[in-house]
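The values are calculated or read from the model by the stated rules, or taken from the named source; none is laboratory data. It should be emphasised that the depicted structure is a prediction, and the values quoted were computed from it without experimental measurement. Positions of Cβ are generated from backbone atoms using ideal geometry, with glycine treated the same way; all protein chains shown enter the neighbour counts.
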Amino acid sequence: MIPYGRQDINQQDIDAVIDILKSDYLTQGPQVPLFEKTINEIVNVDHSIAVNSATSALHIACLALGAGKGDIVWTSPITFVASANCALYCGADIDFVDIDPATYNLSTIALEKKLKQAAEKNKLPKVVIPVHLAGQSCDMLKIHQLSLQYGFKIIEDASHAIGATYQGDFIGGCKFSDITVFSFHPVKIVTTAEGGIATTNCPKLAQNMQSLRSHGITRDPNLMTEESHGEWYYQQLELGFNYRMSELHAALGISQLKRLHEFVGHRATKAAIYDEKLAKLPLTLPYQSDATQSSWHLYIIRLQLDKISKTHQTVFNALRDAGILVNLHYIPVHLQPYYQKLGFKAGDFPVAEEYYKEAISIPLFAQLSEADQHHIIQTLEQILL
Ligand SMILES: *Cc1c(COP(=O)(O)O)cnc(C)c1O
């Protein structure tokens, strides 16, 4: 069986975790700050807040930006449910912006149109969460320009995109956003088993997210409402959570980051092989904008259903029957039963729904072997020609 994605763990990664198991701190030690510093240096940002998942990072990012009851958050319907759920955790309302037919990222044309209409109704979003699908950056320049015009904040959901660049800069530098979030789930580019991080250049947002990840508690005398009672003293200033990353996870992350560029390089090489070998099949291959270099978290093909006699499901099943564990990223979030109960319905975001009828993620990961990739290409040829 060939999975659609999987982690790459070497002996150094294993040793790094074992070293921590033998050390004084399993949590709240030096590894998490070191992991954060490593991320700061890689993506060129001032602050990082490591947490136990990207979902947690999205939650505290929304809270830090003030999303709450009566506020509206917008994201893409073609994403993992966490990009939308984070708004609901805060009591805010969620809405979606349809995708671009070429990149499958949130469409800036649809965004601008929806903002114009929202401004007339006085229902502008407080936060917009663009998602860098498959590791290709959204059109951040345009989204940032619209944020200045319409006064919303931006969280980049870059769960797929560590190691990717936009206009030559690594994603996560927050040049065109307030906060960027990465995921370190095992299928993503680098892993901490479970884990996520929020990056920002704003000291106030950083401090706020640090507080929220650990119960809303501070030990910093400068932040306290009264003089410290002594060495034991801390204050809870707001309602936070236990979203901390452990030392084991951070040590794995530090070790993994040493190979970040290698991983992305392997993925890009394999994506280029797909680009070449699949070009003649009745498929739409991933479009890449000149402004971006993808981290190639996913390789998404779209079936040109008018040119083949099989259905989406038959092709999907035939691949799985051949031992190729293809997947589909994603079921449009607004079509989930939970979101339908909130009032969303089929037809609301037609470009996303059209995409869903044709998309398949084929295996792509750093250690995908030449033989396995050949098998995938051959199987696709057999099914489609
Ligand atoms: C994986 C993923 C998340 C959630 O990441 P976790 O670390 O598993 O919480 C959020 N958004 C997107 C786009 C993802 O792919």
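Do we have any residue at all in region 197-218 that's small (Gly, Ala, Ser), surrounded by 13 or more Cβ atoms within 10 Å (Cβ to Cβ), within 16 Å of the ligand (Cβ to nearest atom) and not in a helix (DSSP H, G or I)? Yes, the conditions are met somewhere in region 197-218. Scanning region 224-261 for residues being touching a residue at least 24 places away in the same chain (Cβ under 8 Å) and under 29 Å from Lys22 (Cα atoms) gives a total of 20.
Does region 339-347 include one or more residues that are more than 23 Å from Ala84 (Cβ to Cβ), at pLDDT 95 or above and among the charged types (D, E, K, R)? No, there is no match, as no residue in region 339-347 is more than 23 Å from Ala84 (Cβ to Cβ), at pLDDT 95 or above and among the charged types (D, E, K, R). Looking only at residues of region 135-156 that are of a type in the set (Gly, Ala, Ser) and surrounded by fewer than 24 Cβ atoms within 10 Å (Cβ to Cβ), we find that the one that is farthest from Thr79 (Cα to Cα) is Gly151. Annotation note: Cβ proximity below 8 Å between a residue of region 310-325 that is without any contact (Cβ under 8 Å) to a residue 60 or more places away in the chain and a residue that is surrounded by 13 or more Cβ atoms within 10 Å (Cβ to Cβ) and in a helix (DSSP H, G or I) (sequence gap 6+ or interchain) occurs for Thr311/Leu305; His312/Leu305; Ala322/His375; Ala322/Thr379. Screening Tyr356 against (1) under 22 Å from the mean Cα position of the chain (by Cα); (2) farther than 15 Å from Val315 by Cβ leaves a single unmet condition, (2). Residues in region 1-49 that are within 18 Å of Met209 (Cα to Cα), out of contact with any helix residue (DSSP H, G or I) (no Cβ under 8 Å at 6 or more places or on another chain) and outside any helix (DSSP H, G or I): 0 in all.
Scanning region 46-59 for residues that are buried (at least 24 other Cβ atoms within 10 Å of the Cβ) and more than 8 Å from the ligand (Cβ to nearest atom) returns Ser48, Ile49, Ala50, Val51, His59.
Answer with yes or no whether Tyr299 is buried (at least 16 other Cβ atoms within 10 Å of the Cβ), touching a strand residue (DSSP E or B) at 6+ places or on another chain (Cβ under 6 Å) and over 30 Å from Ile362 (Cα atoms).
Working: buried (at least 16 other Cβ atoms within 10 Å of the Cβ): yes; touching a strand residue (DSSP E or B) at 6+ places or on another chain (Cβ under 6 Å): yes; over 30 Å from Ile362 (Cα atoms): no.
Judged against the criteria, Tyr299 is not a match.
Among the residues of region 359-385, those that are under 22 Å from the mean Cα position of the chain (by Cα) and either assigned to a loop (DSSP other than H, G, I, E, B) or under 17 Å from Met1 (Cβ atoms) (or both) comprise Ile360, Ser361, Ile362, Pro363, Leu364, Phe365, Ala366, Gln367, Leu368. In this entry, Ser147 is excluded by the filter for residues that are within 16 Å of the ligand (Cβ to nearest atom), under 21 Å from Ala84 (Cα atoms) and of a type in the set (Gly, Ala, Ser).
Scanning region 4-34 for residues that are within 28 Å of Ser361 (Cβ to Cβ) and either crowded, with 20+ Cβ neighbours inside 10 Å or at pLDDT 95 or above (or both) turns up Tyr4, Gly5, Gln7, Asp8, Ile9, Asn10, Asp13.
Criterion first (closer than 27 Å to His185 by Cβ and either in the same structural domain as Val43 (by TED's automatic domain parsing) or surrounded by fewer than 21 Cβ atoms within 10 Å (Cβ to Cβ) (or both)) does His312 satisfy it? The answer is yes for His312. Condition first: in contact (Cβ under 8 Å) with a residue 12 or more places away in the chain, under 17 Å from Cys174 (Cα atoms), of a type outside the set (S, T, N, Q) and assigned by TED's automatic domain parsing to the domain that holds Phe182. Can you find one or more residues in region 108-128 that meet it? Yes, the conditions are met somewhere in region 108-128.
Residue-wise test of (1) within 16 Å of the ligand (Cβ to nearest atom); (2) under 22 Å from Gln336 (Cβ atoms); (3) touching a strand residue (DSSP E or B) at 6+ places or on another chain (Cβ under 8 Å).
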{"residue": "Ala84", "(1), (2), (3)": "yes, yes, yes"}
{"residue": "Asp93", "(1), (2), (3)": "no, yes, yes"}
{"residue": "Ile109", "(1), (2), (3)": "no, no, no"}
{"residue": "Lys113", "(1), (2), (3)": "no, no, no"}
{"residue": "Lys116", "(1), (2), (3)": "no, no, no"}
{"residue": "Ala119", "(1), (2), (3)": "no, no, no"}
{"residue": "Lys126", "(1), (2), (3)": "no, no, yes"}
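Annotation for region 267-274: at least one member residue is assigned to a helix (DSSP H, G or I) and either assigned by TED's automatic domain parsing to the domain that holds Ile18 or farther than 25 Å from Tyr356 by Cα (or both). I'd like the full set of residues that are among the β-branched types (Val, Ile, Thr) and closer than 26 Å to Phe241 by Cα, limited to region 72-107. Ile72, Val73, Thr75, Thr79, Val81, Ile94 - these are the residues of region 72-107 that are among the β-branched types (Val, Ile, Thr) and closer than 26 Å to Phe241 by Cα.
For Leu281, are the conditions met, namely being in contact (Cβ under 8 Å) with a residue 24 or more places away in the chain and part of a loop (DSSP other than H, G, I, E, B)? The answer is yes for Leu281.
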